[in-house]
Amino acid sequence: GNSVTQMEGPVTLSEEAFLTINCTYTATGYPSLFWYVQYPGEGLQLLLKATKADDKGSNKGFEATYRKETTSFHLEKGSVQVSDSAVYFCALSRGTGNQFYFGTGTSLTVIP
Amino acid sequence: GAVVSQHPSWVICKSGTSVKIECRSLDFQATTMFWYRQFPKQSLMLMATSNEGSKATYEQGVEKDKFLINHASLTLSTLTVTSAHPEDSSFYICSASPPVGSPSEQFFGPGTRLTVL
């Protein structure tokens, strides 16, 4: 079956610290992988995505590389800001029109 | 980019009443829309897949008679929570899938917070 396992939180970091949120997946075939971010009281926003192995998605200083050999899509950012405080969801999709499978979400709090 | 809206964003109702939530794709046609439910501090759980012009496909454990889904057009899907009870209080999020041929992605609405008293 299809599933996403995500690092449990909550994660608390000081401003400018390095961030890693681990994500591994199980899927048949070749899924697309996504990171979504949810700010308090809001819906999900796409942060970045990768559609094939070795692709690197990047946005707003965040990066994640699609690693087929380790079935992983870890999220990283070199220097976090207070405004990055949110819940981050890793997800996979099997293709256009197919459902998404979400990880449990990781809450990140960045303190000044 | 593609925009999905939801209405209302927040609703409070009395136990036993029905509530309708709308999900619209504003600048693209969506043959498929999805409805999710999110409990506090938890992930999104897929409730049903809504296909334009046909019956929705419900996930196991979701009561189709309680959560009525209608996908009447390529830009609108509605979720009606019938005879709502306090345990139905949750954050409901819809998403819409772009037309076939576009990169695999879903666009999410901002969510509707339902509180049943």
Just a yes or no: is a residue in the stretch B:59-71 within 30 Å of residue A:8 (Cα to Cα), among the β-branched types (Val, Ile, Thr) and under 10 Å from the mean Cα position of the chain (by Cα)? no
Select from the stretch A:21-39 the residues that are in contact with a Ser or Thr (Cβ under 9 Å, 6 or more places away or on another chain), more than 10 Å from chain B (Cβ to nearest Cβ) and farther than 14 Å from residue A:89 by Cα and list them in ascending order. A:26, A:27, A:30
Tell me, yes or no, whether the stretch B:104-116 has at least one residue that is at the interface with another protein chain (Cβ under 9 Å from one of its Cβ atoms), in contact with a Phe, Trp or Tyr (Cβ under 8 Å, 6 or more places away or on another chain) and of a type in the set (Lys, Arg). yes
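Those residues that are within 14 Å of chain B (Cβ to nearest Cβ), surrounded by 13 or more Cβ atoms within 10 Å (Cβ to Cβ) and either under 23 Å from residue B:6 (Cβ atoms) or touching a helix residue (DSSP H, G or I) at 6+ places or on another chain (Cβ under 9 Å) (or both), I need them from the stretch A:40-72; list them, please. Write out each step before concluding.
Taking the stretch A:40-72 as the starting set, the residues that turn out to be within 14 Å of chain B (Cβ to nearest Cβ) are A:40-52, A:55, A:57, A:59, A:66.
Okay, now just the ones that are also surrounded by 13 or more Cβ atoms within 10 Å (Cβ to Cβ), so A:42-51, A:55, A:57, A:59, A:66.
A:42, A:43, A:44, A:45, A:46, A:47, A:49 - these are the residues of the stretch A:40-72 that are within 14 Å of chain B (Cβ to nearest Cβ), surrounded by 13 or more Cβ atoms within 10 Å (Cβ to Cβ) and either under 23 Å from residue B:6 (Cβ atoms) or touching a helix residue (DSSP H, G or I) at 6+ places or on another chain (Cβ under 9 Å) (or both).
Quick check: is even one residue across the stretch B:60-78 among the basic types (Lys, Arg) and either assigned to a strand (DSSP E or B) or within 30 Å of residue A:7 (Cβ to Cβ) (or both)?
Looking only at the stretch B:60-78, we keep the residues that are among the basic types (Lys, Arg), and these are B:64, B:66.
Next, from what is left, pick out any that are either assigned to a strand (DSSP E or B) or within 30 Å of residue A:7 (Cβ to Cβ) (or both): none.
So far as the stretch B:60-78 goes, no, none of its residues is among the basic types (Lys, Arg) and either assigned to a strand (DSSP E or B) or within 30 Å of residue A:7 (Cβ to Cβ) (or both).
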Complete set of residues in the stretch B:28-37 that are at pLDDT below 90 and within 9 Å of chain A (Cβ to nearest Cβ): B:31, B:32
Restricting the stretch A:74-104 to residues that are within 22 Å of residue A:16 (Cα to Cα) and in a loop (DSSP other than H, G, I, E, B), the residue that is nearest to the other protein chains (Cβ to nearest Cβ): A:85
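The values are calculated or read from the model by the stated rules, or taken from the named source; none is laboratory data. A quick note: this is a predicted structure, and the numbers were derived from the prediction, not measured. Here Cβ is always computed from backbone atoms with ideal geometry, including for glycine, and neighbour counts include all displayed protein chains.
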